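One structure is given here, and the rest of the page talks about it.
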Amino acid sequence: MRPLAPDHASSATRVIALTIAAGGGVLVLLSALADQIGIGDGEGFGWKQLIGVIVGLVVLLLGLAWGFPHGPSGGPDDLPEPSD
């Protein structure tokens with residue numbers, strides 16, 4: 001079996017990371033809108049919703065940080081050279 005090329009490995013990692021980030025975003029939305037969509041207690045914003053939003057945000061941010069470790073540009077090497 002031939003190993004994956006670095007480009008394929010990084011794009012596969014990015015897809016996994018973005019999938020994790022999307023899952024975190026879904027958790028945030030489900031938690032925040034639980035009462036409105038009928039899966040909450042309906043008694044205001046409860047502690048379970050708060051925990052869901054916090055955990056979802058952490059998962060979302062970790063997924064984005066893993067998928068884009070140097071920001072969307074790809075890294076510090078992509079920065080333009082300063083002009084004199």
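The values are calculated or read from the model by the stated rules, or taken from the named source; none is laboratory data. Since this is a predicted model, take the numbers as computed values, not measurements. All Cβ positions, glycine included, derive from the backbone under ideal geometry; neighbour counts span all protein chains shown.
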Restricting attention to the stretch 29-47, does a residue exist that is touching a Leu at 6+ places or on another chain (Cβ under 7 Å) and either at pLDDT 90 or above or not in a loop (DSSP other than H, G, I, E, B) (or both)? no
If we ask which residues in the stretch 2-18 are of a type in the set (D, E, K, R) and either at pLDDT 90 or above or surrounded by 13 or more Cβ atoms within 10 Å (Cβ to Cβ) (or both), their number turns out to be 1
